[in-house]
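What follows draws every value from the coordinates through simple rules; no lab data is involved. Everything numeric here is computed off the predicted structure, so don't read it as measured data. Counting neighbours? That spans all protein chains shown, and the Cβs are built from the backbone with ideal geometry, glycine included.
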Amino acid sequence: MTWTVISFVVLVGLLLAILSWSLRESAEDSPARMKLVPGTGSPLHNALYYPQVRQTFSEEDLNYLQERGSPKLARRARAERQRVALEYVKAIHHDFRSLLQIARVLATLSPKVVAGQEAERFRLAVEFELRYRCVRLMLLAGISPQWQLLKIVQTVGTLSTRLDAAILEMGERAVQALQETAGTA
């Protein structure tokens, strides 16, 4: 009985250590260090490259390289494509963190933010982080995560659309309040 309890406690501790390690934020991943692509003005610019990144998972291309070139060339291309896909997933993660940071700022500026919206943002963040970790693990294992990668890009797009709507609504309320104060003065 005591061995069962001890092994259970050790297992839970190990799982918590793995979870905390996987959720840690390195200095290069912090939103404060993120840079926007000049001229875009949007943290969503990386999602635009999804079709090109999806092409990196094409088996036909790798088969062609193996047939026309050599197996060594195909392995090299596969490794390079894996590196590109990992960098892309990292960039999408940066976009998502940047959008969450914007959402936090909007939440502090908006008096209408309710607990339900905060809970929804938290749920979205947890869902994204889990999918992000899953995609990274799949890429590192050499598995093609096309469907999961699409879901990550869609999540970033959904959050961006919601933020755009919230910013538009706040702008409309500000204009309306300004007109009301100008009308009473």
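In this simple spin-label approximation, residue 161 and residue 119 carry label points 7 Å from Cα along the Cα→Cβ vector, and these lie 2.3 nm apart.
Protection proxy ranking for 85-91, 135-141, 177-183, 67-73, using the average of other Cβ atoms within 10 Å per residue and placing the highest first: 85-91, 135-141, 67-73, 177-183. Counted residue by residue at 0.36 nm each, then reduced by the alpha carbon distance between them, the extension gain from residue 105 to residue 134 reaches 7.6 nm. When peptides 162-168, 5-11 are ranked by their average number of other Cβ atoms within 10 Å per residue, the highest-first order is 162-168, 5-11. A Förster radius of 45 Å, combined with the Cβ-Cβ distance separating residue 90 from residue 70, puts the computed FRET efficiency at roughly 0.90. Shown here are the Rg and Dmax of the Cα trace of the range 63-170, at 18.4, 63 Å.
Couplings for the range 76-90, taken from phi via the Karplus curve 6.51 cos²θ - 1.76 cosθ + 1.60 with θ = phi - 60°, read 5, 5, 4, 5, 5, 5, 5, 4, 5, 5, 5, 5, 5, 4, 5 Hz in order; Gly and Pro are left as x. Residues in the range 92-97 carry Karplus couplings, in order, of 5, 4, 4, 4, 5, 4 Hz; the curve used is 6.51 cos²θ - 1.76 cosθ + 1.60 with θ = phi - 60°, and Gly or Pro positions show x.
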